[in-house]
Amino acid sequence: MDFSFNDEQKQFQESLAKFIERDYGFERRRAYQALPEGFSRDIWAQFADMGLLGLPFDEQYGGLGAGVAEMLLAMTAIGNGLVLEPYLATVIMAGGLISRCGNQAQKQALLPPIAAGKRIVVTALAEPGARYDLNRVETTATRKGGDTMLSGRKAVVLHGAQADQLIVSARSSGDSSDDSSNNVAAIDGISLYLVDRGAAGVSVRDYRTVDGLRAADITFNEVRVGPEALLGAEGGAYAAIDAIADAGAAALCAEAVGVMETLNALTLEHLKTRQQFGHPIGGFQVLQHRAADMFIHAEQSKSMAYLAAMKLSSTDVAERRRVVSAAKVHVGRSGRAISQASTQLHGGMGVTNELAAAHYARRLTMIDFNLGDSDHHLKRFINA
Amino acid sequence: MDLSYTADEQAFRDEVRAFARASLPPELARKVFDHRRLARSDYVCWQDILAKKGWLTGHWPRAFGGLGWTPVQLHIFDEETAAAGAPRLVPFGINMVAPVLMAFGGEWQQQHYLGRMRENKDWWCQGYSEPGAGSDLASLKTRAEAHGDHFIVNGHKTWTTLAQHADMIFCLVRTSTGARKQEGISFLLIDMHSPGVTVRPLIMIDEEHEINDVYFDNVKVPVANLVGEEGKGWTYAKYLLGFERTNIAGVGASKRELATLKTIAAQEQRGGQSLARDPHFAARLAQVEIDLMALETTVMRVLSQRGKTPGPEASILKIRGSEIQQALTELMMEAVGPYALPFVPEAIAGEGTAAVGPDYASPLAARYFAWRKTTIYGGSNEIQRNIIAQAVLGL
């Protein structure tokens, strides 16, 4: 058992920290956010140059073939800087699905341009009314000659409007109107398709999210895709979707750890500098104890983020699901506690849009609403 | 970074598990699983078994006769023995004063006392707190005056756990009065059988005799029993507290208690179904299980990164460890419903009187009350938060 990073990983961590400090200050982030796509293509290109966009991909597809330790470091840095670019959606989720399910030709066609920052692919998995259940798929995939017609709706697709391509889950057979005691039918029959965002029949409602990112609700109306669009086995995609959702959840935990680190540091700075009654307010024990609790939450969350990341490669799927859910529960609750405490400790400034900490609090809170909140994962943990 | 156990660690786990299964008397394990009162002989019996194997002090460095276990090995040992139903090891000697002696003790002290600890010859207790010195430990008043080759000790220690069984006590005593109250404190080892030492029981909230007042009335202590330098006791005491707090996390025992809680919940009913399936109860139980998972990982992280001298991070382990222990005792008490109420101390003691209600139910409420101690002892959790705020966060 070894929790330490090797020298190469430490260097990677330092270069990420330098990049965030130099190119991702609060004011710069605001400027990136105001760009038409809600993030910076320049930054995205720099990520590509740093090798970040192909970090987990095999070297033959233009990646670095890095492991979970590098993923932890990258996502933590993304949390430190409140990075807006579609790293989770494109590299971890879409890239993960392509690596896992794609055939040789699909990997060759998709992964190198993603790694080079030339193409943005995101996953469109969740549906309106399905909450966090990725097996409740009502989008239909119907054969028409050699092609497939896709119809349905996808909810809160991260960076959906900025993507070149979408990986869409659809039901090629089976029933989504499962009864909760037995949702085997709902798991079988789900397939994944690669769809051009600009294809005929795709309509996209683009919007901001409360934590500063972009997302979209997307409708597919008789969208025609060819046989080459099928990613993985027809009807058998759920296991991969579940695994990628876990990879995404573990990545979000690592990002949350980065947000917590920075938010705690900002709060601590405020406690040490803000003077009231002639003293820094950090001298008051009641505030010290809240700060101590924030620290404990962050440390425990870090432990869980590490543990979840390490379980991603486990061959024991039940154990992977159990631990990832445990981590998501813990990080969700700790994130809520830290963001609320930080807002409170900053006083009136804490509820203004001027303050960097307010933006960290927003992201930290909303991470819980991605890929399953604490209650969702608590239930999944209990049923594991 | 690799958080899985190595083949060697896995083999060690198998070895500990097999040994515990073969060597721990089943009737003793039963007592531990059922939360019955343990006698002195129960603790001594298990510690003798371990001492014979060299495992009582397996985590000690080889230079001091230990086996040089890694922190991971110690964790495995702790987890496996707890799961087998072993009583906790009395920590005051092997885990608390031992590191102090290794770091600051004289050669004779190391030879003599560490040697006897390895063989489980002495029962140690801790003489820190006093009636006027709890969280404010440095306010202690027990005095030791030098008289040639010995000290004369007068004073009153309190909250002394299992002092009624003890052969030795390590004490913080005042040898002079300095400008700061932390100055002039010395670290002294005292034979509990010395004339002038009196132990009086302090009955706890669960009506058990676990803690005591210890009085020193002109007790003669050889100068050879002064640890390190006179007046440096506060430094040694702080060094020791880091070890105490790590030890206090109690992950192994909490894992066993979690398993017991699940067994009880599976047998209890709510609304015509097993309590374990009750969504509200299951959610509360799962929350504790997740918290324990996080604590366990943090323990490993702290131990494997910081080496063997725990720093202020140990306060996290004490806070979360104690809170989790309390949550487990609370859920266990609630799990048995109205059968939490009957109080039959003879049944709790295992003296043959039948329990009222399920056997497992009778000690649970008393235990819940007793376990409120965990957030108070070893430096209260409020003190731990002060330590984090000051020593870690710089507030």
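The values are calculated or read from the model by the stated rules, or taken from the named source; none is laboratory data. Computed from a predicted structure; not experimentally measured. Here the Cβ positions follow ideal geometry from the backbone for every residue, glycine too, while neighbour counts run over all protein chains shown.
Entry remark, the range B:75-91: residues being at pLDDT below 95 and farther than 25 Å from B:E210 by Cβ number 2 in total. Can you tell me which residue within the range A:198-225, out of those that are among the acidic types (D, E) and closer than 13 Å to A:G38 by Cβ, is surrounded by the most Cβ atoms within 10 Å (Cβ to Cβ)? Only one residue fits best here, namely A:D211.
Of all residues in the range A:1-18, exactly one satisfies the criterion of being more than 14 Å from every other protein chain (Cβ to nearest Cβ) and either surrounded by 18 or more Cβ atoms within 10 Å (Cβ to Cβ) or in contact with a Gly (Cβ under 6 Å, 6 or more places away or on another chain) (or both), namely A:L16. Which pairs do you get when a residue that is part of a strand (DSSP E or B), found in the range A:264-280, comes within reach of a residue that is crowded, with 20+ Cβ neighbours inside 10 Å, reach meaning Cβ atoms under 8 angstrom, with the pair 6+ apart or on two chains? From residues that are part of a strand (DSSP E or B), the pairs are A:P280/A:L271. Of the residues making up the range A:95-137, those that are farther than 18 Å from A:S191 by Cβ and buried (at least 22 other Cβ atoms within 10 Å of the Cβ) are A:G95, A:L111, A:I114, A:A115, A:I120.
Determine whether B:D14 is assigned to a helix (DSSP H, G or I) and surrounded by 21 or more Cβ atoms within 10 Å (Cβ to Cβ). No.
Here B:A327 does not qualify as buried (at least 16 other Cβ atoms within 10 Å of the Cβ) and in contact with a Leu (Cβ under 7 Å, 6 or more places away or on another chain). Only a single item in (1) within 30 Å of A:A292 (Cβ to Cβ); (2) among the aliphatic types (A, V, I, L, M); (3) at the interface with another protein chain (Cβ under 9 Å from one of its Cβ atoms) is not met by B:M332, and it is number (3). Would you say A:A292 is more than 14 Å from chain B (Cβ to nearest Cβ) and either free of Cβ contacts under 8 Å to residues at least 60 places away in the same chain or outside any helix (DSSP H, G or I) (or both)? No: the conditions fail for A:A292. Restrict the check to the range B:135-143 and report whether at least one residue is acidic (D, E) and in contact with a helix residue (DSSP H, G or I) (Cβ under 8 Å, 6 or more places away or on another chain). So far as the range B:135-143 goes, no, none of its residues is acidic (D, E) and in contact with a helix residue (DSSP H, G or I) (Cβ under 8 Å, 6 or more places away or on another chain).
Within the range A:134-157, the set of residues being without any contact (Cβ under 8 Å) to a residue 40 or more places away in the chain and of a type in the set (D, E, K, R) comprises A:E138, A:R143.
Scanning the range B:96-109 for residues that are surrounded by fewer than 19 Cβ atoms within 10 Å (Cβ to Cβ), within 22 Å of the chain's Cα centre (by Cα) and over 18 Å from B:S186 (Cβ atoms) gives a single hit, B:M102. In the range B:236-291, the qualifying residues are those that are crowded, with 17+ Cβ neighbours inside 10 Å, over 13 Å from B:L328 (Cβ atoms) and polar (S, T, N, Q), and the one that is farthest from the other protein chains (Cβ to nearest Cβ) is B:N247. Looking at the range B:102-122, is at least one residue of a type in the set (F, W, Y) and over 28 Å from B:I383 (Cα atoms)? Yes, some residue in the range B:102-122 is of a type in the set (F, W, Y) and over 28 Å from B:I383 (Cα atoms). Within the range A:317-342, the residues that satisfy the criterion of being buried (at least 16 other Cβ atoms within 10 Å of the Cβ), touching a residue at least 40 places away in the same chain (Cβ under 8 Å) and more than 19 Å from A:I296 (Cβ to Cβ) are A:R320, A:R321, A:R322, A:V324, A:S325. At least 3 residues being touching a Lys or Arg at 6+ places or on another chain (Cβ under 7 Å) is the threshold, and among the strands (runs of 3 or more DSSP E) wholly inside the range B:67-163 those reaching it are B:150-157. Applying the set (1) crowded, with 18+ Cβ neighbours inside 10 Å; (2) outside any helix (DSSP H, G or I); (3) within 14 Å of chain A (Cβ to nearest Cβ) to B:R385 leaves exactly one unmet item: (2).
From the list A:L345, A:L364, A:L371, which one is touching a residue at least 60 places away in the same chain (Cβ under 8 Å), closer than 22 Å to A:R274 by Cα, in contact with a Lys or Arg (Cβ under 9 Å, 6 or more places away or on another chain) and crowded, with 18+ Cβ neighbours inside 10 Å? Result of the check over A:L345, A:L364, A:L371: A:L345. When restricted to residues that are surrounded by 17 or more Cβ atoms within 10 Å (Cβ to Cβ), in contact (Cβ under 8 Å) with a residue 60 or more places away in the chain and out of contact with any Gly (no Cβ under 9 Å at 6 or more places or on another chain), the range B:48-69 contains 2. Taken over the range A:268-280, residues that are within 10 Å of another protein chain (Cβ to nearest Cβ) and touching a helix residue (DSSP H, G or I) at 6+ places or on another chain (Cβ under 6 Å) amount to 3.
Residue-wise test of (1) touching a helix residue (DSSP H, G or I) at 6+ places or on another chain (Cβ under 9 Å); (2) within 17 Å of A:G96 (Cβ to Cβ).
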{"site": "A:Q13", "(1), (2)": "yes, no"}
{"site": "A:K18", "(1), (2)": "no, no"}
{"site": "A:G25", "(1), (2)": "yes, no"}
{"site": "A:P36", "(1), (2)": "no, no"}
{"site": "A:W44", "(1), (2)": "yes, no"}
{"site": "A:L55", "(1), (2)": "yes, yes"}
{"site": "A:E59", "(1), (2)": "no, yes"}
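When A:Q276 is tested against the conditions (1) surrounded by fewer than 20 Cβ atoms within 10 Å (Cβ to Cβ); (2) within 29 Å of the chain's Cα centre (by Cα), the lone failure is (2).
Based on what the data block shows, is A:R205 modelled with pLDDT of 95 or more, assigned to a strand (DSSP E or B) and more than 19 Å from A:A89 (Cβ to Cβ)? It is false that A:R205 is modelled with pLDDT of 95 or more, assigned to a strand (DSSP E or B) and more than 19 Å from A:A89 (Cβ to Cβ).
Considering (1) away from every other protein chain (no Cβ under 14 Å); (2) charged (D, E, K, R); (3) more than 25 Å from B:F281 (Cβ to Cβ), the lone condition that B:R372 does not fulfil carries the number (3).
On inspection, B:R320 passes the criterion of being under 24 Å from B:H280 (Cα atoms), within 14 Å of chain A (Cβ to nearest Cβ) and among the basic types (K, R).
Note on the range A:299-334: residues that are aliphatic (A, V, I, L, M), more than 9 Å from chain B (Cβ to nearest Cβ) and either outside any helix (DSSP H, G or I) or more than 15 Å from the chain's Cα centre (by Cα) (or both) total 3.
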